[in-house]
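The values are calculated or read from the model by the stated rules, or taken from the named source; none is laboratory data. Computed from a predicted structure; not experimentally measured. Cβ sites come from the backbone with ideal geometry, for glycine too, and all protein chains shown count toward neighbours.
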Amino acid sequence: MERDSERHFSLSPHDDSSTNPLYHSDMKAYNEEMAAEIAVPNHSIKYYPTRESNHLTNEAVRETKSAGRMTGWAALIIAVLSWIVWPVVLGATAIVVGFIAYRQGARGLGVWSITLGFIAAAAYLVLVPLYYAIT
């Protein structure tokens, strides 16, 4: 009994060796805690791609490109609408959504949307003050 009480006082108040069944004596050597995002998983060292993993990767790429095309078409519609109504608001929106589409893989639609949105916003910001200055 006396030994248990001596052992209890010799350990740190944060020691959980008596309450945690998964605790082993070697854990005292490690004082750092690391997130799973930073640590290298053990299975990645011995990982070789299989047909199934390639299929899943290819399918994810296809879904991203499909989402990029839909985003690109939406940005192009917004860019065309910016030439008709609210050129600054819709032009800026077309630029942002076009950039998102560009990053998702719809390069052509993204560039067209960015260009049309920029021209609409810039033309409004230049031509309207010029019109009021002349009249």
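Criterion applied to Ile77, Ile84, Ile95, Ile119 was being at pLDDT 90 or above and in a loop (DSSP other than H, G, I, E, B), and the one residue passing it is Ile84. The set of residues from the stretch 97-135 being loosely packed, with under 14 Cβ neighbours inside 10 Å and β-branched (Val, Ile, Thr) comprises Val126, Val128, Ile134, Thr135. Under the condition of being more than 19 Å from Gly108 (Cα to Cα) and in contact with a Gly (Cβ under 6 Å, 6 or more places away or on another chain), the residues counted in the stretch 69-93 number 0.
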